[in-house]
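Colleague: Please read through the structure below; I'll follow up with questions.
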Amino acid sequence: MTRTRKLVAMLLLVAVVSGGILTAALAADNTATYAYLPDRSVYFYDVAQEYAWAYKEVDALALNGIVQGGGDHLFYPGNPITRADFIVMLDRAYGMSDALQSGLVASKGTFSDVPAGAYYAKAVNAARAFGVAGGTSDGRFLPQQKMTRQDAMVFLKRTIDCTPLRLAAGQLSGFGDIAQVASYAREAVGALVTAQVIGGSNGRLNPTAQVTRAEMAVMLYRATHMTEQNGSASYQKRSDMVNICVGAQSYCDVIIANYDPAVRYSELMRYSRLWQQNGETYITLEENQPINREGVYSAGQLTLSGEQQSYPIAAGCVAIDVKPYHQLRTLVSTGSTYRYCYPSIVNGEVTAIYYVRA
């Protein structure tokens, strides 16, 4: 069983896992294994290159079941998120409802406009018990109201305060719209800016703008990947950490063990080792490999252009169309639709074939 980076777990309740089997050192003869480093989401068709600032975070949260799409492999990244859905995301990441159900925190009742059977009721009630979700003076939560950026920061800051992590007091400076931040939100906004969970856009915080689903994912990813140094927590972006796909299996937050800032880590790359250690996943990447071979698949054999021999297809071999990254129903010979391919070969057998469309 493999894991992405461990999320900060409220009361140590959340353990994030993903399926799949990690290979050990791959040093056998006639072995050439490849991983694909996507430049867009591998889960949602609409989180593509224009969301270069968010697709890795969206996929990491999707892999761990924290965010979900709206069906048909669509995430609707530009849509605003409601207060109810934002709380659901917080609950999935931090396990508030699990803590409430187990009796680790006492219930503080329900909101008048949160029906008991609503999909968000459990999460909202748990957030109220933890003091994360506040309501109106007449006892309503306004679940379908769109969440503003500053309110999202308030909810997120309150959630982090329930974990062992501590945020340093922040200063609001360097943004052109500081005056628009409401007094009740200034502490939370300042703390999250200082912790680098919030970075602003074009020198502005846009505190009263509605939070989009992509923005929510980035905010939540950074919050759950903070580390603590000198008594305060902050998020540090890591250039040596990537998302990868090996055949039909996706891995997020993978650390490049032999990271070199001069190397461009993208698309199909040969790897020599993929392993897990102390809850982290590591990979050793060698070089980029263009998907540039013509291949013919017939009777359980793959013949590549320019080679005299054919390679048998291993049991469980997968065929992958890399843009967008998804598994094909069957292996195909390159031709009018798939002009080029490149295989992973282990001990003389083809274990995965990566295709590009003509």
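Colleague: Work out the FRET efficiency for SER298 and ALA248 from their Cβ-Cβ distance, taking R0 = 25 Å, and round it to the nearest 0.05.
Modeller: In this case the efficiency is close to 0.65.
Colleague: OK, next. For LEU285, what accessible area in Å² do you get when you roll a 1.4 Å probe over the heavy atoms of the protein chains, rounding to the nearest 10?
Modeller: Looks like 0 Å² after rounding.
Colleague: Kindly identify region 224-267 as rounded, prolate or oblate by the Cα gyration tensor criterion: order the square roots of the eigenvalues as a ≥ b ≥ c, call it rounded if a/c is under 1.5, otherwise compare a/b with b/c, prolate if a/b is larger, else oblate.
Modeller: oblate
Colleague: Please give the Cα centre distance for region 161-198 versus region 261-295, rounded to the nearest Å.
Modeller: First find each Cα centre; the distance between them is then 38 Å.
Colleague: Could you give me D for region 169-228, from Stokes-Einstein at 25 °C and 0.890 mPa s, where the hydrodynamic radius is the Kirkwood radius over C-alpha pairs? Units µm² s⁻¹, please.
Modeller: Here the translational diffusion coefficient equals 205 µm²/s.
Colleague: Once label points are set 7 Å from the Cα along Cα→Cβ at both LEU104 and GLN276, what is their separation, rounded to one decimal in nm?
Modeller: Result: 2.1 nm between the two label points.
Colleague: Per-residue accessible area for GLU228 at 1.4 Å probe radius, Å² rounded to 10?
Modeller: Approximately 90 Å² for this residue.
Colleague: Name the residues whose placed amide hydrogens come within less than 5 Å of the amide hydrogen of TYR271, ignoring near sequence neighbours (fewer than 5 apart) on the same chain.
Modeller: When sequence neighbours closer than 5 places are left aside, the close amide H contacts are THR33, TYR34, ALA35, GLU286.
Colleague: By average Cβ neighbour count within 10 Å, what is the ranking of 240-248, 273-281, 90-98 from highest down?
Modeller: Final packing ranking: 90-98, 240-248, 273-281.
Colleague: What three numbers, in Å, describe the spread of the alpha carbons of region 40-157 along their principal axes, ordered from the longest?
Modeller: Sorted largest first, the three principal extents are 43, 29, 27 Å.
Colleague: Let me ask something else about it. Where in region 198-237 does the label zone of ILE178 land, with the point 7 angstrom along Cα→C-beta and an amide N cut-off under 20 Å?
Modeller: 198-209
Colleague: What number, in nm² with one decimal, is the all-direction average of the projected area of the convex hull of the alpha-carbon atoms of region 279-350?
Modeller: Result: a mean projected hull area of 6.7 nm².
Colleague: Using the alpha-carbon centroid of each, what span in Å lies between region 97-117 and region 40-77?
Modeller: Centre-to-centre (Cα) distance: 29 Å.
Colleague: Which value in deg cm²/dmol, rounded to the nearest 500, describes the helix-derived mean residue ellipticity at 222 nm for the chain, given -39,500 (n - 2.57) per DSSP H run of n ≥ 4 and division by the residue count?
Modeller: -5500 deg cm²/dmol
Colleague: Could I ask something else about it? Would you mind calculating the relative contact order of region 158-262 from Cα pairs under 8 angstrom and at least 6 residues apart, reporting the percent as a whole number?
Modeller: Reported as a whole number, the value is 23 percent.
Colleague: Pull up all non-local amide H partners of VAL346: gap of 5 or more, or a different chain, and H-to-H distance under 5 Å with H placed in the peptide plane.
Modeller: For VAL346, the qualifying residues are ALA32, THR351.
Colleague: Calculate how large, on average over all directions, the projected area of the Cα convex hull of region 216-334 is; give the answer in nm² to one decimal.
Modeller: Reported value for the Cα convex hull: 10.7 nm².
Colleague: Show me, for region 289-298, the HN-Hα J-couplings you get by feeding each phi into the Karplus relation (A = 6.51, B = -1.76, C = 1.60, θ = phi - 60°), rounded to Hz, glycine and proline as x.
Modeller: For region 289-298, the Karplus curve yields 10, x, 7, 9, 9, 8, x, 10, 9, 7 Hz.
Colleague: Taking only Cα atoms and a 10 Å spring cutoff, compute GNM fluctuations for the chain and point out the largest among ARG158, ARG264, ARG293.
Modeller: ARG264
Colleague: Something else now. Work out, in µm²/s and without decimals, the Stokes-Einstein translational diffusion coefficient of the chain at 25 °C, 0.890 mPa s, Rh from Kirkwood over C-alpha pairs. Mind showing how you got there, number by number?
Modeller: Numbers: Rh = 22.3 Å.
Rounded, D is 110 µm²/s.
Colleague: Using a 1.4 Å probe over the heavy atoms of the protein chains, calculate the carbon and sulfur portion of the accessible area of region 156-199 as a whole percent.
Modeller: Carbon and sulfur atoms account for 49 percent of the accessible area of region 156-199.
Colleague: For region 164-176, just list the computed ³J(HN,Hα) in residue order, Karplus coefficients 6.51, -1.76 and 1.60, θ = phi - 60°, integers in Hz, with x standing in for Gly and Pro.
Modeller: Couplings: x, 6, 10, 8, 6, 4, x, 10, 8, 8, x, 10, x Hz.
Colleague: How far is it, in nm, from the label point at SER137 to the one at ASP321 when both lie 7 Å from their Cα along the line to the Cβ?
Modeller: Inter-label distance under the simple model: 5.8 nm.
Colleague: For the residue pair ARG204 and ALA116, what label-to-label distance in nm results when each label sits 7 Å from Cα along the Cα-to-beta-carbon direction?
Modeller: If labels sit at ARG204 and ALA116, their model points lie 4.6 nm apart.
The values are calculated or read from the model by the stated rules, or taken from the named source; none is laboratory data. Everything numeric in this text was worked out from a predicted model, so none of it was measured. Using ideal geometry, Cβ is built from the backbone for each residue, glycine included, and neighbour counts are taken over all protein chains shown. For accessibility, only protein heavy atoms count, side chains too; no ligands or nucleic acids. Shrake-Rupley method; radii C 1.70, N 1.55, O 1.52, S 1.80 Å.
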